[in-house]
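Presented below is the structure to which this report refers.
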Amino acid sequence: MQANYNETIPNNVDLGDDRRLLRALERWQPAYLQWWNEMGPAESSKFRVYLRTAISVDSDGWAHFDHVRMPDYRWGIFLARPEANRVIGFGDHKGLPAWTEVPGEYRTELRRLIVTQGDTEPASVEQQRQLGRTAPSLYDLRNLYQVNVEEGRHLWAMVYLLHAHFGRDGREEAEALLERHAGDPDRPRILQAFNERTDDWLSFFMFTYFQDRDGKFQLAALSESGFDPLSRTCRFMLTEEAHHMFVGETGLMRVVQRTCELMREFDTDDVRAVGGVPLPMLQKWINFHYSICLDLFGSERSTNAANYFGMGLKGRYQEDKRDDDHRLVDTQLEIPRVSAGGIETQIISARAGMNLMLRRDFTLDSQRGLDRFNKVIGAHDIDFELTLPDEKFNRSIGIFSEIEASPSGGLLDAESWERSKDCWLPTEEERDFVRSLMVPVTDPGKIAGWIAPPKRGIHGQPFDYEYVLFR
Amino acid sequence: MDDQASTAPQHPIITFDAQPDGYKHWRMEIDGRIATLTLDVDEKAGIRTGYELKLNSYDLGVDIELHDAVQRLRFEHPEVGAVVITSAKDRVFSAGANIPMLAAARHADKVNFCKFTNETRNAIEEATSLSSQAYVCMINGTAAGGGYELALACADIVLVDDGSSAVSLPEVPLLAVLPGTGGLTRIVDKRRVRRDRADFFCTTGEGLRGQRALRWKLVDALAPRTRLAEVARTRAESMAANSDRPISGEGMQLTQLDRVISSEEVRYPNLAVAIDRTARTATFLLQGPDSPPPGSPEEMMACGDRFWALAVARELDDAVLHLRFNEPDIGTWVFRTTGEVPLVAAHDDFLLENSQHWLVREITLFLRRTLKRIDVSSRSLIALIEPGSCFSGTLLELALAADRSFMLTGTFEGSNLPPAVIRPTRMNFGPLPICTGLSRIETRFLGDAAALEVLQEHIGRDLIAEEAEELGLVTFAPDDIDWTDEVRLAIEERAAFSPDALTGMEASLRFPGPETVESKIFARLSAWQNWIFQRPNAVGSGGALELYGSGKQPDFDRGRV
């Protein structure tokens, strides 16, 4: 079994010579495959999918394309190349050499960070398990599977860190990652957004647009880590996360495009009758996904986040491009505060406001895609603008969890909220409608009526390429 | 991983070496079965500068000599069945711990000093009860505070009845601290002074004299000045008559320890302590015996103090004291051993089979005291049980004393040493209790008689890591792949926690089960005292300890906490 590990598990961590990893993987790999078969993409084990496999971190190695059966996918373990003489870039240890081994005093915190990040990866695969049945095209089906196998690989990446650096505790945590399941009432995933259902393709594109963007910012913050193996792992994961967001952004763009075309073709605002997703309905999906993603960043004021920064474990987005002392011992931050009279501001230590800072970067980034969607809408001479709801809207975590607000930020009492929320969030009826649009299209070159085809195919292949072979 | 490694100790190193002919503050005289220890403190010979040891008050230096004397009387004088402690100063027995010394000492030094003096007083009680060498205190004048506390450690207290000499515990009214060297605990727990009387006694600065002191059970006998020595002698002789120690014969001379101290290491013949200042860790490597035990106590006597069990106890004891006083920043002690498990077990058997021999008994009691010293040390204790180690019986106690133990499952890659084993012996089931009176194994399985029974069935058996873990004798049993990281992370993590919180946590977890006078002194009394030692009412600029002798009255914060 050991002899062919280097072949079946592409890696740049000298896996074949690492007894500790080999021993850990001997147990974990079969458990992972069992999990994939039970909880991964439904009924897909026979399909051959045109997938990109990372076989090395070189520029020509990270994107190797071929038709493969997913259970045989070569989930690899890759760390970005080490930077020579890397130093810790922030916090109390700023300027000291980055750690190549887990510092004993931060073992618990690091493990918690890695487990929390790792838990989201298989969660999304579980959430998307049924989507393969209703893909609007072979191209989209292939993208779904690509996202799935890469989320699987991201799980491997986190498990590698647990196996390589956390001993027995790490092995147990790695097993637990396969034992929690999205939406399982007894053993749910750690973060609530990863227990929500993703059972229609509009939600999938929203997920890859918003949730995976949260993933990007979390990974970016972890890639600043003073613990070098975590940093290097996350840097390589970011290249894959970018593709997921590409799937989300182009997916939503194609829905917007198709809706606008239908509005123009049939000269109607309500495209439901002609099999499209009306723009106000899209807005509701955005309202829902964006607001639950804000919750993913945690409380605006967080002692844990402050500790992670001070300890040098989790930095800010693009730490090195920031023009400050990167220690933030005495720096302050203004954050909102809910009072009887409404929303006021309060001053806290900048370190305690790390979650909010990262979330604000996420908001800016999320807005950019919406701007591009709105350009498409404008180009069709339609007077409608997709917007991100206010940060106070529909929140369950943090300062705003105790109040209710409209998407524009107006405060509401509980009664008004109950009365109005169906105007802003998807209703069961609307979800049923969207699900009704989800008819599978499996002929090469064909596509469902609610979404436009992509401008170009994968890896230079045409749209009508047989991205998935069902035989 | 730490940005601040500890540095080598700044002060001149304190050692615990002493020889009767070099004592500055005590005189030891032997007359037949009675030894007399006479306190005659040299005012100018404090162990540090800046204070004078007036009125037979003591500092660490005085107590190091007392510790040495108590130890030597047990080992070097088998014929001594009773010891009289008295003073050479006219109308003064002892004023207790020197106040200017205490006021000037750093908090850690106060705590260390009190702990050591407490241990010596416990040793005095142990000599009385277990070595058949009873202590009589002949109080020839004022015995205040620590002076009276020294008397309280003795089995018998004779007070001069001269109309003025009193025993007292004036700490609360005069100094705003406690009689922390066992005083509060011993008067009610050991001497059974009624607690309301004790309350009065401890708040009356001048103390009690004569008949009232006797009636209240603060002393056992009174004697007029002219007959004091005679009364004390008579009482000592009747105690000596009950002693089972040999009436004559050679003692065991305790020669100067063979010890080399450097900033990275303390080395003895059977023990090397390596100090890693970055990790703030001291690693004890104890060497097991290299040959079988002697065939008889007589052969053991012929070995002198190089006899393994005695030598290793002396070296370990000295190393523990050295690290406590001179290496306060080294917060974690790691215990390792090297040698043959069967040889350690054979030495245990020798000690147990000859336990009636006075010296064998002394050696076993010394091991017991040394292990107790480790228990009450404010350091994190970790035992590493690796191939080639000899954690059996007495040495297994180190692993049982540890806050956490790691035992390697299997072998190290590339090593031809067989897997590590531990072997429990009868020594683990009674002769070496902790301060609560329970053995470390009983403490580990408190209230679980069934588990103890199972363990007793494993006496004399070699247990590999999986068995030891299953039986609950070790905490973790990683294999060689995990070993380095698990151990490194445990030690690094430990070094990162607050030393204060660790001390409190460890002291709370190490001693489950019943209380004894000893455990109360180390826990309740010391904890209160150490709290008071931090409070402004004692040590603030207007605190009583600071103002003592200045004539100024302390300005207390009147709030009750």
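The values are calculated or read from the model by the stated rules, or taken from the named source; none is laboratory data. Nothing here was measured: the structure is a model prediction, and the numbers come from that model. Cβ placement follows ideal geometry from the backbone for every residue including glycine, while neighbour counts extend to all protein chains displayed.
Identify, from the list B:ASN122, B:ASN118, B:ASN140, the residue that is assigned by TED's automatic domain parsing to the domain that holds B:ARG72, over 20 Å from B:HIS67 (Cα atoms), at pLDDT 95 or above and not hydrophobic (A, V, I, L, M, F, W, C).
Selected residue: B:ASN140, the only one of B:ASN122, B:ASN118, B:ASN140 that is assigned by TED's automatic domain parsing to the domain that holds B:ARG72, over 20 Å from B:HIS67 (Cα atoms), at pLDDT 95 or above and not hydrophobic (A, V, I, L, M, F, W, C).
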key: Top-ranked residue in the range A:17-31 [being in contact with an Asp or Glu (Cβ under 9 Å, 6 or more places away or on another chain) and charged (D, E, K, R); ranked as surrounded by the most Cβ atoms within 10 Å (Cβ to Cβ)]   = A:ARG20
inquiry  = Quick test for you: out of B:VAL334, B:VAL344, pick the one residue that is part of a helix (DSSP H, G or I), modelled with pLDDT of 95 or more and crowded, with 19+ Cβ neighbours inside 10 Å.
reply    = B:VAL344
Residue in the range B:466-473 that is small (Gly, Ala, Ser), away from chain A (no Cβ under 14 Å) and within 27 Å of B:GLU362 (Cβ to Cβ) present = no
query = Got at least one residue in the range B:342-352 being touching a residue at least 40 places away in the same chain (Cβ under 8 Å), of a type in the set (Asp, Glu) and farther than 22 Å from B:ASN112 by Cα?
reply = yes
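Can you pull out the residues in the range B:478-530 that are β-branched (Val, Ile, Thr) and more than 13 Å from every other protein chain (Cβ to nearest Cβ)?
Step one: of the range B:478-530, the residues β-branched (Val, Ile, Thr) are B:481, B:484, B:487, B:491, B:503, B:516-517, B:521.
Once the filter is applied, which keeps residues that are β-branched (Val, Ile, Thr) and more than 13 Å from every other protein chain (Cβ to nearest Cβ), the range B:478-530 yields B:THR503, B:THR516, B:VAL517, B:ILE521.
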task = Considering (1) within 30 Å of A:GLY104 (Cβ to Cβ); (2) in contact (Cβ under 8 Å) with a residue 24 or more places away in the chain; (3) surrounded by 12 or more Cβ atoms within 10 Å (Cβ to Cβ), say which one B:ALA272 fails and leave the rest.
result = (2)
key: Verdict on B:THR503 being assigned by TED's automatic domain parsing to the domain that holds B:ILE382, more than 26 Å from the chain's Cα centre (by Cα) and in a helix (DSSP H, G or I)   = no
remark   = From the option list B:LEU39, B:LEU66, B:LEU53, B:LEU60, single residue qualifying as of a type outside the set (S, T, N, Q) and in contact with a strand residue (DSSP E or B) (Cβ under 6 Å, 6 or more places away or on another chain) is B:LEU39
request  = Take the residues in the range B:172-217 that are among the acidic types (Asp, Glu) and modelled with pLDDT of 95 or more, then tell me which one is farthest from B:TYR148 (Cα to Cα).
outcome  = B:ASP196
query = Is it the case that A:ALA24 is modelled with pLDDT of 95 or more and small (Gly, Ala, Ser)?
reply = no
task = Answer yes if at least one residue in the range A:333-351 is more than 30 Å from A:PHE90 (Cα to Cα), surrounded by 18 or more Cβ atoms within 10 Å (Cβ to Cβ) and touching a helix residue (DSSP H, G or I) at 6+ places or on another chain (Cβ under 9 Å), and no otherwise.
result = no
message = B:ILE434 - would you say it is modelled with pLDDT of 95 or more, buried (at least 24 other Cβ atoms within 10 Å of the Cβ) and farther than 21 Å from B:ALA346 by Cα?
response = yes
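Let's see how each residue does on (1) more than 16 Å from A:ASN143 (Cβ to Cβ); (2) within 26 Å of the chain's Cα centre (by Cα); (3) surrounded by 17 or more Cβ atoms within 10 Å (Cβ to Cβ); (4) modelled with pLDDT of 95 or more:
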site	(1), (2), (3), (4)
A:GLU430	yes, yes, yes, yes
A:VAL434	yes, yes, yes, yes
A:ILE451	no, yes, yes, yes
A:PRO454	no, yes, yes, yes
A:GLY460	no, yes, no, no
A:VAL468	no, yes, yes, yes
query = In this structure, does B:PHE75 turn out to be among the hydrophobic types (A, V, I, L, M, F, W, C) and in a helix (DSSP H, G or I)?
reply = yes
request  = Would you be able to say whether some residue in the range A:134-141 is at pLDDT 95 or above and surrounded by fewer than 21 Cβ atoms within 10 Å (Cβ to Cβ)?
outcome  = yes
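Residue-by-condition table, conditions (1) surrounded by fewer than 17 Cβ atoms within 10 Å (Cβ to Cβ); (2) under 17 Å from B:ARG121 (Cβ atoms); (3) basic (Lys, Arg):
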{"position": "B:LEU159", "(1), (2), (3)": "no, no, no"}
{"position": "B:VAL167", "(1), (2), (3)": "no, yes, no"}
{"position": "B:LEU178", "(1), (2), (3)": "no, yes, no"}
{"position": "B:GLY182", "(1), (2), (3)": "no, yes, no"}
{"position": "B:ARG192", "(1), (2), (3)": "yes, no, yes"}
{"position": "B:THR203", "(1), (2), (3)": "yes, no, no"}
{"position": "B:ARG209", "(1), (2), (3)": "no, no, yes"}
{"position": "B:ALA213", "(1), (2), (3)": "no, no, no"}
{"position": "B:LEU222", "(1), (2), (3)": "no, no, no"}
The range A:71-110, subset in a helix (DSSP H, G or I) and away from chain B (no Cβ under 14 Å), residue surrounded by the most Cβ atoms within 10 Å (Cβ to Cβ) = A:PRO71
remark   = Only one of A:LEU162, A:LEU155, A:LEU141 is on the phi < 0 side of the Ramachandran plot, in a helix (DSSP H, G or I) and within 14 Å of chain B (Cβ to nearest Cβ), namely A:LEU162
inquiry  = Six or more apart or on different chains, Cβ atoms under 6 Å: show the pairs whose first residue is in the range A:267-282 and without any contact (Cβ under 8 Å) to a residue 24 or more places away in the chain and whose second is assigned to a loop (DSSP other than H, G, I, E, B) and among the acidic types (Asp, Glu).
reply    = A:PRO278/A:ASP270
query = Does B:PRO294 satisfy the criteria of being free of Cβ contacts under 8 Å to residues at least 60 places away in the same chain, over 30 Å from A:GLY104 (Cβ atoms), surrounded by fewer than 19 Cβ atoms within 10 Å (Cβ to Cβ) and out of contact with any strand residue (DSSP E or B) (no Cβ under 8 Å at 6 or more places or on another chain)?
reply = yes
query = Picking from A:LEU386, A:LEU364, A:LEU370, which residue would you name as being loosely packed, with under 14 Cβ neighbours inside 10 Å and aliphatic (A, V, I, L, M)?
reply = A:LEU364
task = Could you identify the single residue in B:ARG379, B:ARG369, B:ARG373 that is within 14 Å of B:SER439 (Cα to Cα) and either among the β-branched types (Val, Ile, Thr) or modelled with pLDDT of 95 or more (or both)?
result = B:ARG369
request  = Within the range B:233-243, identify whether any single residue is part of a loop (DSSP other than H, G, I, E, B), of a type in the set (Val, Ile, Thr) and either within 26 Å of the chain's Cα centre (by Cα) or not assigned by TED's automatic domain parsing to the domain that holds B:LEU489 (or both), and answer yes or no.
outcome  = no
note = Of the conditions (1) within 14 Å of chain B (Cβ to nearest Cβ); (2) within 24 Å of the chain's Cα centre (by Cα); (3) not aliphatic (A, V, I, L, M), the single one that A:HIS64 does not satisfy is (1)
request  = Taking the residues in the range A:50-70 that are under 26 Å from A:ARG471 (Cα atoms) and at pLDDT below 90 as candidates, determine which candidate is surrounded by the fewest Cβ atoms within 10 Å (Cβ to Cβ).
outcome  = A:ALA63
key: Residue within the range B:95-104 that is more than 14 Å from every other protein chain (Cβ to nearest Cβ), modelled with pLDDT of 95 or more, closer than 30 Å to B:GLY304 by Cβ and in contact with an Asp or Glu (Cβ under 9 Å, 6 or more places away or on another chain) present   = no
